[in-house]
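The values are calculated or read from the model by the stated rules, or taken from the named source; none is laboratory data. Just so you know, these numbers come straight off a predicted model, no measurement behind them. Counting neighbours? That spans all protein chains shown, and the Cβs are built from the backbone with ideal geometry, glycine included.
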Amino acid sequence: MSPFRDVLQRVREYDDLANISEIGRRYFAMNAFDGVLTIIGVLMGNLIAGVDKPQIVVSTGLTTCIAMGVSGLWGAYLTEAAERKRDLDELGRQTLTDLNDTRIGRASRVAVVIVAVIDGLSPFLAALIVLIPFFVAGLFPTITWVYYTSLGVALLTLFGLGLFLGYISRKNLFFYGVKTVIAGLISIVISFLLGA
Amino acid sequence: MGRVRRLVLDTLKPHEPDIIEVSERLSELPGISAVNISIYEMDRKVENAKITVEGENISYSHVLAIIEEMGGAVHSIDEVVAGKMIIDDAVTPQD
């Protein structure tokens, strides 16, 4: 078996033992959703404040993305590590064995890393996608167009997340997409009313 | 040195990895021809398994290493058969 296949096989085994896929999907959806809504807040704040320089929106947006990424990565790493250690220790007490150097122990440690990376990357990338229009602001006639396009991208990203959730739960994809878009619209409307 | 031909172990293991995987790993060891694992008690997180291993030349240390790698623990060695062939325990009037 090639080394790559070996690694793939190992990851599949660890996934069976530590439920990495299920937790990963949950963290991905939850944190990407958070990331998009947070960046909608940043955009609306800048729009209402009358910020007309794309560089300012990019820097506030990027710093927010990085903060969300670090928060997600660090928070998930510490939380998952603590929870899984607790579970492993409890299982070890029941089997009267130190499970750290067993397949379960290794699966636990790999799960912590994978979940932390997903938790860090998902809000960062989701928010970054929404900011893309500001990186190419020169292509738009006015800054208002850039804002509206960005908000449109945000709602589209939310719709995509909803489709993903619908696919996982094997329910109506479109219905889930609409539900997640509504959250974005509520955020935009409330921010707009606060600004007015 | 005599060859161990049958081992019966009383073990405690977590539910995962399951007994299919444990038996596959054990059966791949050199000197082992067959593996039988049965669960006789189950808890919320762990299960008691009777592991029977037969072969031409069983290495207990290798079997133990696999069981421990899978997160299990050997509670007791319930039966051993060693020598040139496999024999069962003799029936006595006391039985």
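Looking at region A:12-35, can you tell me whether even one residue there is assigned to a helix (DSSP H, G or I), within 14 Å of chain B (Cβ to nearest Cβ) and of a type in the set (Ser, Thr, Tyr)? Yes, there is a match, as at least one residue in region A:12-35 is assigned to a helix (DSSP H, G or I), within 14 Å of chain B (Cβ to nearest Cβ) and of a type in the set (Ser, Thr, Tyr).
When region A:69-108 is examined, which residues are found to be over 16 Å from B:Lys45 (Cα atoms), out of contact with any Asp or Glu (no Cβ under 8 Å at 6 or more places or on another chain), within 14 Å of chain B (Cβ to nearest Cβ) and part of a helix (DSSP H, G or I)? A:Arg106, the sole residue that qualifies. Comparison of A:Val110, A:Val181, A:Val136, A:Val117 shows that the only residue that is surrounded by fewer than 21 Cβ atoms within 10 Å (Cβ to Cβ) and without any contact (Cβ under 8 Å) to a residue 24 or more places away in the chain is A:Val136. Quick one: would you say B:Ser38 is away from chain A (no Cβ under 11 Å), in a helix (DSSP H, G or I) and at pLDDT 95 or above? The answer is no for B:Ser38.
Looking at region A:126-141, is at least one residue over 30 Å from A:Val70 (Cβ atoms) and assigned to a loop (DSSP other than H, G, I, E, B)? Checked region A:126-141: at least one residue is over 30 Å from A:Val70 (Cβ atoms) and assigned to a loop (DSSP other than H, G, I, E, B). Within region A:41-68, being in a helix (DSSP H, G or I), over 17 Å from A:Leu193 (Cβ atoms) and among the hydrophobic types (A, V, I, L, M, F, W, C) holds for A:Val42, A:Ile56, A:Val57, A:Val58, A:Leu62, A:Cys65, A:Ile66, A:Ala67, A:Met68.
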